[in-house]
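The values are calculated or read from the model by the stated rules, or taken from the named source; none is laboratory data. All values reported here derive from a predicted model rather than from experimental measurement. As a convention, Cβ positions derive from the backbone with ideal geometry for all residues, glycine included, and neighbour counts pool all protein chains shown.
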Amino acid sequence: MMIDKILKECSSPFYLYNEERIKDKISFLNNLDLQFQRKFNFAVKANPNLAILNLIHRCGFGAEVVSAGELFKSLKAGFEPSDIIFDGPGKTEFDLKYAITQKINSINVENVEEIKFINDYSLTKGLRTNIGIRINPNIDGSTMDKITTGLSGGKFGISIDQIDFDAISNFKGINLKTLSVHIGSQITDYQKLLGSYENLIKIADEQNLKNNINIDTLDFGGGFAVLDHSNKKINFESWKDNCNKILEGKNFNIIFEPGRFIVADSCELISKVLYIKESGEKKIAIVDCSFSEYIRPALYDIKPPIKVANSSKKTGIYDIAGGICESTDYFVKDIELPEIKVGDNIIFMNVGAYGSSMSSTYNSRPRPLEVLYNNDEYRVIRSRDTLEDLCKNEIM
Ligand SMILES: Cc1ncc(COP(=O)(O)O)c(C=O)c1O
């Protein structure tokens, strides 16, 4: 089998992506019976590997970026500027100038000051830049506190009472055509998403009546859950029916920005057990990856689903830890698994989103190999850092 071949031929740790799985997730969204004009723009922050981006581009998605780096990589991966949206609460002048001159689909502003800067810089370049405004709807996504983004008091979006639509309509260097919202990640309650969509529709309808403004696009953000250790899923049937209902008779282009949903469960992080340590009452399997390669368990307290590649009938209770010199460097504690031996592969699942993209070289660990496979073949889509790479750009 392909996986056995890869496990034999590639040395751990490495990220292993299933191409068919990504295509299936994209087809699932593309084939939903949504009865309105829409486009899916992949949230590049979830996984910015060029091969993954190129695959997603070839499946007809656009891109959602939050930095000049993500914009550069998206263009390199094949996305057209007209299929790219730029979000983010802390865009630098460099980010904004790059996005303006690339003439992308929309720069969604999250600070009122961005509006004037985009206007003025666009005029110096003889351009009129399409912008959107990310609204802070003050809606709780009912997800983990650390990944909720729609509440007042947070740094995301702009509260409606701070937006001077009249002034914006008079700026000659910008064209406000989008309103956007994104209330967080890992959302399982589709009603929360719908609440944020309805809020946006209402604001757009009101502004289109009152001002010299034509908001023709609503960007509903991402947030569809792929849960790590629970079976609770978003009810897409009801979500779809309700989207169709609230958009009936409306004429907006709708954008969705799914990241996690597209790639999370396409990827496993393959590690190997280096040591089994008895410590007090505990049995700890120390593996050859760590929070440098997968930080979500340490950062968000999530428990990644885990497989052990052996067929032992006996089980044991283990803590699974990485080799970083930090006491938070555990993947999971007190988990019952088939009895583990040194050299066994421990496989962390659902690592495709915010896995490699949030990895670092902390403890000067080379970032791992990334491998993409389909039914016929596998290929390396990122080589492992060399020791020299770890010194790149440093000056002694
Ligand atoms: C503006 C915006 N859109 C889309 C996403 C993607 O979210 P998810 O990966 O949960 O779909 C994010 C994630 O942070 C975001 O900030």
Mind listing whichever residues of region 137-157 are modelled with pLDDT of 80 or more and loosely packed, with under 15 Cβ neighbours inside 10 Å? Ser152, Gly153, Gly154, Lys155
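Grab the strands (runs of 3 or more DSSP E) fully contained in region 201-291, keeping just those with 3 or more residues being surrounded by fewer than 21 Cβ atoms within 10 Å (Cβ to Cβ). Walk me through it before giving the result.
Details: elements: 217-219, 253-256, 267-279, 282-287.
Result: 267-279, 282-287.
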Evaluate region 280-290: report whether one residue or more is at pLDDT 95 or above and on the phi > 0 side of the Ramachandran plot. yes
Among (1) closer than 29 Å to Ile262 by Cα; (2) surrounded by 14 or more Cβ atoms within 10 Å (Cβ to Cβ), there is one condition Gly173 misses while meeting the rest; what is its number? (1)
Within region 300-325, can you find the residues that are part of a loop (DSSP other than H, G, I, E, B), at pLDDT 95 or above and under 26 Å from the mean Cα position of the chain (by Cα)? Gly322, Ile324
Within region 20-46, the residues that are touching a residue at least 40 places away in the same chain (Cβ under 8 Å) and not in a helix (DSSP H, G or I) are Leu32, Asp33, Leu34, Gln35, Phe36, Gln37, Arg38, Lys39, Phe40, Asn41, Phe42, Ala43
So which residues in region 308-322 are exposed (fewer than 14 other Cβ atoms within 10 Å of the Cβ) and either on the phi > 0 side of the Ramachandran plot or of a type outside the set (A, V, I, L, M, F, W, C) (or both)? Ser311, Ser312, Lys313, Lys314, Thr315
With respect to Leu32, determine if the residue is more than 16 Å from the ligand (Cβ to nearest atom), in contact with a helix residue (DSSP H, G or I) (Cβ under 6 Å, 6 or more places away or on another chain) and assigned by TED's automatic domain parsing to the domain that holds Ile131. no
Please specify each residue of region 338-396 satisfying the condition of being more than 27 Å from Glu20 (Cα to Cα), out of contact with any strand residue (DSSP E or B) (no Cβ under 8 Å at 6 or more places or on another chain) and of a type in the set (A, V, I, L, M, F, W, C). Leu387, Leu390, Cys391, Ile395, Met396
Quick test for you: out of Lys45, Lys76, pick the one residue that is touching a helix residue (DSSP H, G or I) at 6+ places or on another chain (Cβ under 8 Å), more than 12 Å from the ligand (Cβ to nearest atom) and basic (Lys, Arg). Lys76
Filter region 197-240 down to the residues that are within 16 Å of the ligand (Cβ to nearest atom), of a type in the set (A, V, I, L, M) and more than 19 Å from the chain's Cα centre (by Cα) and list them by number. Leu200, Leu218
For residues in region 114-159 being more than 17 Å from Gly221 (Cβ to Cβ) and part of a loop (DSSP other than H, G, I, E, B), which is farthest from the ligand (Cβ to nearest atom)? Gly126
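Given the criteria in contact (Cβ under 8 Å) with a residue 40 or more places away in the chain and either touching a Gly at 6+ places or on another chain (Cβ under 9 Å) or farther than 18 Å from Glu278 by Cβ (or both), does Val342 qualify? If you could, list the steps in order and put the result at the bottom.
Details: in contact (Cβ under 8 Å) with a residue 40 or more places away in the chain: yes; either touching a Gly at 6+ places or on another chain (Cβ under 9 Å) or farther than 18 Å from Glu278 by Cβ (or both): no.
Spelling it out, it is not the case that Val342 is in contact (Cβ under 8 Å) with a residue 40 or more places away in the chain and either touching a Gly at 6+ places or on another chain (Cβ under 9 Å) or farther than 18 Å from Glu278 by Cβ (or both).
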Selection count where residues are touching a strand residue (DSSP E or B) at 6+ places or on another chain (Cβ under 8 Å) and part of a loop (DSSP other than H, G, I, E, B), scope region 160-200: 5
Tell me the strands (runs of 3 or more DSSP E) entirely within region 334-396 that contain at least 2 residues that are surrounded by fewer than 18 Cβ atoms within 10 Å (Cβ to Cβ) and over 20 Å from the mean Cα position of the chain (by Cα). 378-382
Looking at region 260-285, which of its residues are in contact with a Lys or Arg (Cβ under 7 Å, 6 or more places away or on another chain) and farther than 14 Å from Phe348 by Cβ? Phe261, Ile262, Ile276, Ile284
Restricting to region 64-82, what's the tally of residues that are charged (D, E, K, R) and under 17 Å from the mean Cα position of the chain (by Cα)? 3
